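Here's the structure, in structure tokens; my notes come after.
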Amino acid sequence: MTDSGESNGLARQIGDLREEGEDLHALLATLAATDWQRPTTFKGWTVWDVVAHLHFSDHMGVTTIAGSDAFKALMKDMRDSALSLTAYTRRWLGDLSGPELHARWRGLFLELCERLAAADPEVRLTWPGPGMKPRMFATARQMETWAHAWEIYDLLGTPRTHGDRIRNIVEIGVRTFGWSFSNRGLDVPDDPPYLALTAPSGSLWTYNEPTADSRITGSAVAFCQVVTQVRNVADTELEVSGATARRWMAIAQCFAGPPEEPPPAGTRAPNMAH
């Protein structure tokens with residue numbers, strides 16, 4: 001029997017994912033043809049590379065929904081190619097222009113949302129690392145879409161607005177407190193810091209037990225930027241106090257994969273919108 005709570009949560013999460021995609025679609029529609037080959041501050045990737053990465057990740061999602069065997073075959077082909085993910089994606093897409101890539105990304109993104117909506121909410125999808133139920137998978141896709149869009153906003157110098165759907169990303173960040181340490185082979189501190197974050201709507205979101213010596217306060221957007229490694233914490237207005245909080249914010253990583261380093265302070269544009 002399907003849990004109605006999980007099913008309803010999946011529907012809400014897919015709605016949030018769709019809205020994230022619509023925001024990116026509207027941003028991409030403003031690009032000039034020459035913008036697609038401009039390098040961003042993220043590893044020197046061009047705008048084309050950023051969208052191609054999101055598109056291929058959505059392709060991986062559609063593939064795993066189709067079945068575990070299909071997904072494993074795709075992963076084997078990637079390994080056998082001996083190419084980096086970026087190089088494999090470039091080969092997969094060929095010489096698509098920016099506008100062609102935009103159209104292809106949008107079509108597959110919408111297909112992914114439809115396939116997630118039709119998936120059994122209780123069945124875990126195969127993925128690199130732990131499998132995920134569709135609801136968590138949709139959350140992860142929202143997080144990655146939101147995070148990589150910053151590279152384009154930063155490049156264009158376009159102010160960004162946010163809705164309270166970023167709470168999904170905040171909660172990924174909160175849940176991956178321990179992962180940020182264990183993924184680096186570090187002992188996980190016993191007491192996660194207290195968080196008091198101001199939502200885009202002005203609401204206050206709090207997590208963990210209040211303590212006098214370990215807390216993080218400020219913008220929920222800024223917290224999301226730090227845990228997705230869009231910004232160095234020093235380039236945000238977050239107030240971080242206590243040794244555990246400072247250690248976490250220096251290495252926070254809410255996405256899967258080997259440990260990644262946040263951008264050095266001052267190398268990404270300052271937070272433009274809360």
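What follows draws every value from the coordinates through simple rules; no lab data is involved. It should be emphasised that the depicted structure is a prediction, and the values quoted were computed from it without experimental measurement.
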>> If I require 18 Å or longer along the helix axis, counting alpha carbons, and a Kyte-Doolittle average no lower than -1.0, what helices from the chain are left? Use full DSSP H segments.
In response: 4-28, 47-66, 68-81, 98-118, 134-156
> 222 nm [θ] for the chain, helices only, -39500 (n - 2.57) per DSSP H run of 4+, per residue, to 500?
Replying inline: -17000 deg cm²/dmol
> Remind me, relative contact order of region 204-274 in percent, using alpha carbon pairs under 8 angstrom and six or more residues apart?
Replying inline: 37
> So how much slack lies between THR161 and ALA269, counting 0.36 nm per residue of separation and subtracting their Cα-Cα distance, in nm?
Replying inline: 37.3 nm
>> Give me the one-decimal Kirkwood hydrodynamic radius in Å for the chain, with the sum taken over alpha-carbon pairs.
In response: 19.5
> Convex hull volume of the Cα atoms in region 103-162, per residue, in Å³?
Replying inline: 113
> Between region 16-71 and region 93-126, what is the C-alpha centre distance in whole Å?
Replying inline: 9
> What is the pair-distance distribution P(r) of region 141-260, computed from all Cα-Cα distances in 10 Å bins starting at 0, with each bin given as a whole percent?
Replying inline: 14, 48, 32, 6, 0
>> Under 10 Å, Cα contacts only: if you run a Gaussian network model on the chain, which one of ALA250, ALA119, ALA33 comes out with the highest mean-square fluctuation?
In response: ALA33
> Can you list the residues, at least 5 places off or on another chain, whose amide H is less than 5 Å from the amide H of TRP45, using H built in the peptide plane?
Replying inline: THR40
> Cα extents of region 50-209 along the three principal axes, largest first, in whole Å?
Replying inline: 49, 37, 33
>> With a 10 Å cut-off between alpha carbons and a GNM built on the chain, which of ARG141, ARG184, ARG90 moves the most?
In response: ARG184
